[in-house]
Amino acid sequence: FYQALDPGQLIEKIEHYSYAHPPDPYRVMVVDDSKAQAKYIENVLQKAGMRSRVLTDPMEVIDALDEFSPEIIILDMYMPGCTGTELAKVIRQQDHLHSVPIIYLSAEEDVSKQLHAMSMGGDDFLTKPIDAKHLVATLHNRGRRARSLLALMIRDSLTGLYNHTHTLSLLESEISRAHQSGQPLTFVMLDLDHFKRINDTYGHPIGDRILKSLSLFLKQRLRKTDHIGRYGGEEFAIVLPDTREEDALGVMNEIREKFSQLRQPAAGTDFHVTFSCGVAQWWGESPQELCERADTLLYGAKSEGRNQVVA
Ligand code: GH3
Ligand code: MG
Ligand code: MG
Ligand code: MG
């Protein structure tokens, strides 16, 4: 049994509870075969400033997941063709949806059935009829945590730059964007010169400090739309959207020169650090092939004496 709320009452109820709204609204997918129930939840989410995708047919979920890319998923338990538990199981089998919060919202009151549903990958079990404030509070908490977890997962902890995996995924999405827009895209591989020697001479903590200072240097000198990643130990990868090879070459050479002039203090003395780069514009090849080409160019810069940018 479900009692539909008057939208006016609903707004009043929700406005009593103020949450710090993130600038970017949470994307919430709702799967419920009852149209009235789905509409109610949709209203609650809308009033709470969230973005929703409501599905009344569980068979549409798989396609919609890719297209909408939800940050939180609300599942009804009993639906024709498929239960919420079965859906949760399928969702959890996809690697990239491993940590998306799943909230069951059902009239099921049997605790053992609720626990079984939770064991299939659900994070919360809320029972209908649900109080709007309760639902919104749960979504805010789950959404906030999911976002901070995600923010940690995509970054390298030493430098705060994107990590290897996320850099590659940004390269992939920028490649498809460039493919659609016809705009140029350039990829840079950067590697510090003789870094092993620097570690051996001045110690690992000084090495770490140089990695951090180069990261900051790159962030300050590149555009907001460029993506900088720590690709490996002392190797960085940079994705430059809307940039031609000759422009990237110019920018990286300027950064290379300025960075090489910095005095790196250590144990009462100071020294200089340089890096080498391979710069490759995307020609229509796969992300992996582009990386390999940039890497080959970087290798060329190394064998030609280091402290240079090669395109
Ligand atoms: P090349 O100019 O040919 O690139 O020489 P290299 O010494 O920089 O290259 P090599 O691959 O021989 O050594 C890389 C060094 O980078 C070895 C490793 O100890 C150091 N390194 C990798 N990750 C870190 C890190 O997180 N912190 C510090 N301090 N050093 C690191
Ligand atoms: Mg149902
Ligand atoms: Mg190196
Ligand atoms: Mg290296």
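The values are calculated or read from the model by the stated rules, or taken from the named source; none is laboratory data. Not measured: the values here are computed from a predicted model. When we count neighbours, we look across all protein chains shown, and the Cβ atoms used for this are built from the backbone with ideal geometry, even at glycine. The accessibility values were calculated without ligands, DNA or RNA, using every heavy atom of the protein model including side chains. Shrake-Rupley method; radii C 1.70, N 1.55, O 1.52, S 1.80 Å.
Quick notes on this structure:
- Top-ranked residue of the range 72-114 - restricted to ones that are over 20 Å from LYS35 (Cα atoms) and of a type in the set (D, E, K, R), ranked as nearest to ligand 1 (Cβ to nearest atom): ASP95
- Among the residues of the range 207-229, those identified as in a helix (DSSP H, G or I) and under 21 Å from the mean Cα position of the chain (by Cα) are SER215, LEU216, LEU218, LYS219.
- Residues being surrounded by 13 or more Cβ atoms within 10 Å (Cβ to Cβ) and closer than 22 Å to TYR299 by Cβ - total across the range 195-206: 3
- Taking residues in the range 177-191 that are open to solvent by less than 10 Å² (accessible area, probe 1.4 Å), and partners anywhere that are within 16 Å of ligand 3 (Cβ to nearest atom) and of a type in the set (D, E, K, R), the pairs with Cβ atoms closer than 8 Å and at least 6 places apart or on different chains are MET189/GLU235; MET189/ASP295; LEU190/GLU235.
- Residue within the range 212-228 that is at pLDDT 95 or above, open to solvent by less than 30 Å² (accessible area, probe 1.4 Å) and touching an Asp or Glu at 6+ places or on another chain (Cβ under 6 Å) present: no
- Annotation: GLY233 fulfils all but one of (1) more than 16 Å from ligand 4 (Cβ to nearest atom); (2) open to solvent by 20 Å² or more (accessible area, probe 1.4 Å); (3) part of a loop (DSSP other than H, G, I, E, B); the unmet one is (1).
- Only residues that are assigned to a loop (DSSP other than H, G, I, E, B) and either surrounded by fewer than 21 Cβ atoms within 10 Å (Cβ to Cβ) or aliphatic (A, V, I, L, M) (or both) were counted in the range 41-83, giving 9.
- In the range 252-309, residue farthest from SER173 (Cα to Cα) [restricted to those that are touching a His at 6+ places or on another chain (Cβ under 9 Å) and assigned to a loop (DSSP other than H, G, I, E, B)]: ARG263
- The residues of the range 134-176 that are part of a helix (DSSP H, G or I), aliphatic (A, V, I, L, M) and either without any contact (Cβ under 8 Å) to a residue 60 or more places away in the chain or open to solvent by 70 Å² or more (accessible area, probe 1.4 Å) (or both), listed by number, are LEU149, LEU150, ALA151, LEU152, MET153.
- Of all residues making up the range 263-294, the number that are under 23 Å from ARG197 (Cα atoms) and either of a type in the set (S, T, N, Q) or open to solvent by less than 70 Å² (accessible area, probe 1.4 Å) (or both): 11
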